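Notes for the one structure printed next.
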Amino acid sequence: MQSLTDELKGKIIQALNLDKITPTDIKDDEPLFGAGLGLDSLDALDLVSMLERDYGILIQDMDAARQAFASYRTLEDFVQRNRV
Amino acid sequence: MSQFAILAASFISAEGCGNDRTRLRRWPETVAAALQRGEVEALSWSTLFRSETSRFGRMDLLSRLGLMAVELLDAGFETWEPAQRDAVGVCVETCSGCTAADAQFLQTPLAATFAYTLPSTVLGEICIRHRFRGPILCLLPKPGQGGSLEAALGWLNRGEADACVCVACDLMDKKFAASMLSPQDAPGGGWQSGAVLIGRQTGASRKYPLRPDWLPRLARSLVASGIRSAA
Amino acid sequence: MTAPKVAIAGCDGDSSRRLDATPVAIAASGEVTALGLGRERLEEAVLANASGLRDCPRLAGKGYQSTVGGFVPDEVWRSLRERDPAHADAPAFLLADAALREARADLRNGGSSLLDNVPASRRGLVLSTTKAEITALEGAFHQQPISATARRHLFPALLAADLGAAHDIAGPVQCVSIACVSGLIALQQGALLIQEDKADLVFVVGVDLFSDFVLSGFTVLRSLDPGGCRPFDAERKGLSLGEGAGAVALARRETPAFPALTVTGWGSSNDANHLTGPSRDGSGLALAMNRALKKAGAAPRSIDLAHAHGTGTSYNDAMEGMALRSVFGNPVPPYCSSKGLFGHTLGAAGLLETIVCLIAARHQLLPGTPRLQCPDPSVPDSLLQKPRPAESLRRILKLNAGFGGVNAALVLEWGGG
């Protein structure tokens, strides 16, 4: 049974078409947006779509979501707490 | 005599790729077969270039083709001053447009996919990568009609740009073309991408009369034969 | 990169250098929008600061972020289809053709002899569109029967060719597709065709449909205001899409016997920043504006009205405010947005919004910004909420910006007669 970490990192890579990135490249405490993984606003939207589709999490407010997306760790915590 | 000259040319198709200095190089066997079948996704940035690129994987295939053609020019844009890049005009012409990306969006409606459902997104990607902020144009001509070379010359002659990058890129799935268009209208299907860099240059040795349908053919012929120097 | 290379001599003696400086004027216009068919409907709405946006019940329950848009009225669609049953399932052609017919009628009614004197070989067409007949692709995807004509028109170059053929145009035909600045760029191309002596009469037409395709796209981008757009409003939440077509006839301004709007300058640029968000400081748009002003030989303080892109998204309107400040300093001239009038009409926007400028100039009226309720305090305060008579409306700067970091600006001058 895959851990949530492996599963979620894999889904991020797939949903965002991240080339040459493997799950081990996604560091838990580095920023996801801007620096670190370097995601942008289009990625934020597609991340939200993936969370909705695969974890049943509905995000109404993108600004609030940005806080949850600060790093991989905050994102995983967010998913753990809110998944359906 | 015109004071403007073609400084570099590049070309990519199932035949091969290259610029006016490397000439047209055939693909390795492994890649060639896939490309002959129209699998443009077989072209990976890292097999062609040592430079880094941002988010190539999420770009649609048309944008990848256009961006690669500009990279193949090997013009050293990364050494150009910001003021120089501010004065680079970019003109894209595409007969196929982005129908391939459109079909992809209908399949998977994602934000990143939607961003590529405009024929001009390739122009945006080129400008973002190279920080070009000059005048812009994106034309959808009929096959053989061209237009970007004329537009670029106009910018240069009127002093609206100091250099221009003209790119012709096309991507049309043969089956899709056949399903949508009658044989006389279909642009044939297939894919290719060619680019030229035009800038200020004196003392050039040869002149090419400008014909509007020439960008893909011009790019290919310059790559195949090279551009002769004055010396 | 040192060896000198191949020089280019121009075609036919380098026509781009043989530039005729005679100003290019808008000799006529034609339009079909959410307000209806023809300029009177549009004029009434501009004068009244009315909005043609409405809710579309058919779109409810499908998960779209907004069902409010600028829809061409059903009765207009019915009459267009009745008039031209061969194009019944080719709505992009129907709209563009309608706008062109209106423009030709406007040309005749204005007493112009251009249609009689300019042979077909000296008439040109420039089409501006972002998605053309996208319904054909939607239909094919859903395995519905789609006519050959509609399928042809999925390809903008073929739509342009057919429109040219339908309107006795045998000179140059071009198709411009460059996101939301397509219209202004098409106008630039049209003006150039005349200045380079490739045509004496050029019709520039912009068209886009309200489609599920584009509505889905802006839904996943979360860029729509569920309640309808409110440009430059403190509470703005996003844009509203619109459909329509706008056409203008361009010709040399030979004899200023009557007042006309001339195109005296234009400019474009790329932000070189991000695909779907404008560069935060508005510097890309400012570049395009300054280029247009320079080409027109116009000082910023000589601009009487800036007609903004003003989509109603948080980012665009803030960016435009910065661009306006950057170019004009203090004070920024009066400025407005017409997106609340007929929605964001994408490829038609540059044409329809230029036609609003034409209406404004004719009436010597500064347009308002329909659907604006409470101006955002952080945008320049010369924002026009309601229309008001202008002391002198002579020089207008029209702006648009779009995906891929594209920016365009046009300088329009009213005078003569």
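Throughout, read-outs are computed from the coordinates displayed, never taken from laboratory work. Source: prediction; values computed, not measured. Neighbour counts run over all protein chains shown; Cβ positions are idealised from the backbone, glycine included.
Points to keep in mind about this one:
- By the beta-carbon count within 10 Å of each Cβ, the least crowded to most crowded order of C:Cys336, B:Cys138, fewest first, is B:Cys138, C:Cys336.
- Sparse packing (at most 14 other Cβ atoms within 10 Å of the Cβ) combined with a DSSP loop state is found for the following GluC sites (Glu not before Pro) in the stretch C:312-417: C:Glu391.
- FRET E, pair C:Ser378, A:Glu76, Förster distance 30 Å, beta-carbon r, rounded to 0.05: 0.25
- Shielding score for C:131-141, defined as the mean number of other chain Cβ atoms within 10 Å: 3
- Pairs from C:Lys237/C:Lys398; B:Lys175/C:Lys237; C:Lys198/C:Lys295; B:Lys174/C:Lys198; C:Lys198/C:Lys398; A:Lys9/C:Lys131 whose Cα-Cα separation, in the structure shown, is over 31 Å: B:Lys175/C:Lys237; B:Lys174/C:Lys198; A:Lys9/C:Lys131
- Per residue of C:148-157, other chain Cβ atoms within 10 Å of the residue Cβ number 5 on average.
- Among C:49-56, C:165-172, sorting by the average number of other beta carbon atoms lying within 10 angstrom of each residue, highest first, gives C:49-56, C:165-172.
- Per-q log10 I(q)/I(0), the stretch B:5-230, q = 0.12, 0.15 Å⁻¹ (Debye; single scatterer per alpha-carbon; no solvent): -0.62, -0.99
- Separation between Cα centres of the stretch C:92-117 and the stretch A:54-78, rounded to whole Å: 54 Å
- With a Förster radius of 35 Å applied to the C-beta separation of C:Asp55 and B:Ser179, the computed FRET efficiency comes to 0.45.
- Note that chain A, at 4 °C in a medium of 1.567 mPa s, gets a Stokes-Einstein diffusion coefficient of 102 µm²/s from its Kirkwood radius over C-alpha pairs.
- Of the DSSP H helices in chain C, those that are both long (alpha-carbon extent of 18 Å or more along the helix axis) and hydrophobic (Kyte-Doolittle mean at least 0.5) are C:182-195, C:349-363.
- Summary of packing: across the peptides C:126-134, A:50-58, the per-residue average of other C-beta atoms within 10 Å ranks them, highest first, as C:126-134, A:50-58.
- P(r) tail for the stretch C:367-417: Cα pairs beyond 17 Å make up 58% of the total.
- Other residues with beta-carbon under 14 Å from the beta-carbon of C:Phe213 carry, at +1 per Lys or Arg and -1 per Asp or Glu, a net charge of -4.
- Sites A:Glu52 and C:Arg325, calculated FRET efficiency, Cβ-Cβ separation with R0 51 Å, nearest 0.05: 0.85
- The mean number of partner chain beta-carbon atoms within 10 angstrom of a residue's beta-carbon across peptide B:175-183 is 3.
- When the Cα atoms of the stretch C:265-414 are aligned to their principal axes, the ranges along those axes come out at 39, 35, 30 Å in descending order.
- Simple label model, 7 Å out from Cα along Cβ direction - C:Ser392 to C:Lys62, nm: 5.1 nm
- Listed from fewest to most Cβ neighbours within 10 Å, the set C:Val327, C:Val263 follows the order C:Val327, C:Val263.
- Placing a label point 7 Å from the Cα of C:Ser302 along the Cα-to-Cβ direction, the residues of the stretch C:384-412 whose backbone N falls under 17 Å from that point are C:392-398, C:410-412.
- Cα-based convex hull, chain C, per residue volume (Å³, whole number): 156 Å³
- From least to most packed, judged by other beta carbons within 10 angstrom and beginning with the fewest, A:Ser41, A:Ser3, C:Ser211 follow the order A:Ser3, A:Ser41, C:Ser211.
- Per-peptide average of other Cβ atoms within 10 Å, ordering B:142-150, B:32-40 highest first: B:142-150, B:32-40
- Fully extended contour minus Cα-Cα distance, from C:Lys198 to C:Arg78, at 0.36 nm per residue: 39.4 nm
- Mean sequence separation of contacting Cα pairs (under 8 Å, at least six apart), scaled by the length of chain C, corresponds to a relative contact order of 22 percent.
- Angle in degrees between helix B:61-72 and the longest Cα principal axis of chain B, rounded to the nearest 10: 30 degrees
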